[in-house]
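The values are calculated or read from the model by the stated rules, or taken from the named source; none is laboratory data. For clarity, every value in this text was computed on a predicted model and none was experimentally measured. Here the Cβ positions follow ideal geometry from the backbone for every residue, glycine too, while neighbour counts run over all protein chains shown. Only protein heavy atoms, including side chains, enter the accessible area calculation; ligands, DNA and RNA are left aside. Shrake-Rupley method; radii C 1.70, N 1.55, O 1.52, S 1.80 Å.
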Amino acid sequence: PETGVWAVPHDPEGLAELMGGKNEAIRRLDEFFNTIFFNPDGRGNGSIHGNETSHHCAYLYNRFGAPEKTQWRVRQILTKCYSFGRRGFDGNEDCGQMSAWYILSALGFYPLDPASGEYEIGSPLVKSAALKIGSAVLRIVVKNYLQGRWRVKRVTFNGHELFDWRIRHADIARGGELVFEMVD
């Protein structure tokens, strides 16, 4: 599959339908990650994450009904495509997109479709964080944190479980507590 086939963050469900259903979309997305994303021809750094048009791809799994695969792929990208060493990150930092992807994903969420007002849940890399948003504060708590632990058992926001692996921007902007419970 070509990278452009995934360039529909505004309608992943429609894409899955065109592919023959969510199971087929998951299979093709697995193939994309296994054969193209982490193994591009001619790229010495080993991924195409530096091409911003693929930043949303790991989060598509959530919409296809496979949140554990989103969590795994996000964690792979966070640890394989970014470093604190001389390499820094895979690719070209265009207007802060690479850094924004890293920061949001490390916090545990990312806007699959920025115009939707929603963020997809991924796999946080931080133990905890506090974000001041206007006069509100969003606290992020990661229970059972271990550095290599990437699987999220459940996520709650202000005590309510996020069953659809999504959180609204309007909720985040009001502040509160976003809790990730990690498992092996």
Charges at C-beta only: +1 for Lys and Arg, -1 for Asp and Glu. How large is the resulting dipole of the chain about its Cα centre, in Debye rounded to 20?
820
Counting pairs of Cα atoms in the range 106-148, how many percent are more than 13 Å apart?
61
By how many nm would the segment from Ala170 to Asn23 grow when fully extended, if each residue of separation counts as 0.36 nm and the alpha-carbon distance is taken off?
49.8 nm
Approximate spin-label separation Lys132-Cys95, in nm, with each point projected 7 Å along Cα-to-Cβ
2.8
Spacing of the two label points (7 Å from each Cα toward its C-beta) at Ser116 and Ala7, in nm
1.9
When the accessible area of the chain is computed with all protein chains present and a 1.4 Å probe, what percentage of it is carbon and sulfur?
51
Counting DSSP beta bridges with both ends in the chain, the antiparallel % (nearest 5):
75
Kindly report the accessible area of the range 132-184 per residue (heavy atoms of protein chains, probe 1.4 Å, no ligands, DNA or RNA), in Å².
60
Evaluate the relative contact order of the chain (contact order divided by residue number), counting alpha-carbon pairs under 8 angstrom at least 6 apart; express in whole percent.
17
Would you mind giving the average projected area, over all directions, of the Cα convex hull of the range 67-184 in nm² with one decimal?
7.6
Rank by packing, highest mean first: peptides 127-134, 14-21, 25-32, with packing defined as the count of other Cβ atoms within 10 Å averaged across residues.
25-32, 14-21, 127-134
